[in-house]
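J.: This is the structure I want to talk about, given as structure tokens.
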Amino acid sequence: MLIESRRRAYLNAMQVVHWLPRAELPFAAPSRADLLLPVAPPEPEVEPVAAHAAPVAAPVARAERPKIEVPRPSTAPKAVAKSAAESDVAAPPAKVQVPPPRFALQLLRSGPCLLLVELATGEPFQSRDPSYLLLKDMLRAAGLPDSPQIVGEPVRWPLLVRGNLDQGPEAARDFVQGFVQARREEAPCSCLWLIGGPAIRFAGEAQADAFNQELSVEGLGFAWTLPGLELLMDEPLRKADVWKAMRRLMTRWKTTDE
């Protein structure tokens, strides 16, 4: 049991000012009569400051209940996700890497005409090659010298096996057209023969199978498209269309030659 002095020391430490025991405490001081009077109810506008007088089992201090913050769902993740989605939509699509085309072309001159011929095997013409013999027959039929002069080395694409140099279709077109244009400036040319798909595509800027057509190419002048020599040998029926177009265009180089 606690004596009165020690009991009051505990109550003061707990900051308890007024308290009433349920039973008589031994060694306790007599109760004050004013504490036993009923407490008047507090007015509505004023917060009650005194503790309610009620019997308790033991001296207990009134402590304030701590406030617990309940986290609320935030819209920040949605905003972040939305901005990320918008950035993905706004980002430009990555440029697709197009593999470089592969071809070999030989430029020849016969009279007032330049001939850009596809080398199907990639190797220069030999005097007894069937494709070269066919070309000689076509030149004789056109009334041109049947021993064409080779102009420069064959144009082989791609230029480099390795490296970061752009060797796509556009670069190939610029290179082929620049090469032919430089040779064309060395001597007059009344008609440029484009023989084979790669010659038509990269020099004439037309579809690779646009045969027997007349083109006007900027920087290269008038051009005539023909099937490749290998294709003419594999499909001889195509020679009739070539002969028909040739008769229509013969006046171009014959007038110049005269």
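The values are calculated or read from the model by the stated rules, or taken from the named source; none is laboratory data. On a predicted model such as this, the values are computed, not experimentally measured, just so you know. Here the Cβ positions follow ideal geometry from the backbone for every residue, glycine too, while neighbour counts run over all protein chains shown.
J.: Given the conditions (1) closer than 24 Å to Pro124 by Cβ; (2) part of a helix (DSSP H, G or I); (3) within 34 Å of the chain's Cα centre (by Cα), and given that Leu232 satisfies all but one, which numbered condition is not satisfied?
T.: It fails just one condition, (3).
J.: Now for a different question. Scanning for something part of a helix (DSSP H, G or I) and of a type outside the set (Asp, Glu), does the stretch 207-220 turn up at least one residue?
T.: no
J.: Then there is this: Condition check: part of a strand (DSSP E or B) and either touching a residue at least 40 places away in the same chain (Cβ under 8 Å) or outside the structural domain of Ala142 (by TED's automatic domain parsing) (or both). Does Leu194 satisfy that?
T.: Spelling it out, Leu194 is indeed part of a strand (DSSP E or B) and either touching a residue at least 40 places away in the same chain (Cβ under 8 Å) or outside the structural domain of Ala142 (by TED's automatic domain parsing) (or both).
J.: Something else now. So for the stretch 226-244 (the condition being more than 24 Å from Leu133 (Cβ to Cβ) and of a type outside the set (A, V, I, L, M)), does at least one residue qualify?
T.: No; the residues of the stretch 226-244 include none that is more than 24 Å from Leu133 (Cβ to Cβ) and of a type outside the set (A, V, I, L, M).
J.: Would it be correct to say that Gln97 is modelled with pLDDT under 95, more than 23 Å from the chain's Cα centre (by Cα) and not in a strand (DSSP E or B)?
T.: no
J.: Any idea which of Arg162, Arg140 is without any contact (Cβ under 8 Å) to a residue 12 or more places away in the chain, farther than 22 Å from Leu220 by Cβ and not in a loop (DSSP other than H, G, I, E, B)?
T.: Arg140
Here is a yes/no grid of residues against (1) out of contact with any Lys or Arg (no Cβ under 9 Å at 6 or more places or on another chain); (2) buried (at least 17 other Cβ atoms within 10 Å of the Cβ):
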site: Val217; (1), (2): yes, yes
site: Pro227; (1), (2): no, yes
site: Glu230; (1), (2): yes, no
site: Leu237; (1), (2): yes, no
site: Lys254; (1), (2): yes, no
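J.: A further question on this structure: Which members of the stretch 202-258 meet the condition of being among the small types (Gly, Ala, Ser) and in contact with a helix residue (DSSP H, G or I) (Cβ under 8 Å, 6 or more places away or on another chain)?
T.: Of everything in the stretch 202-258, those that are among the small types (Gly, Ala, Ser) and in contact with a helix residue (DSSP H, G or I) (Cβ under 8 Å, 6 or more places away or on another chain) turn out to be Ala203, Ala206, Ala208, Ala210, Gly219, Gly221, Ala223, Gly228.
J.: I'd like the residue in the stretch 214-258 that is out of contact with any strand residue (DSSP E or B) (no Cβ under 7 Å at 6 or more places or on another chain) and among the polar types (S, T, N, Q) and, out of all such residues, is farthest from Arg173 (Cα to Cα).
T.: Restricting to residues being out of contact with any strand residue (DSSP E or B) (no Cβ under 7 Å at 6 or more places or on another chain) and among the polar types (S, T, N, Q), the top hit is Thr255.
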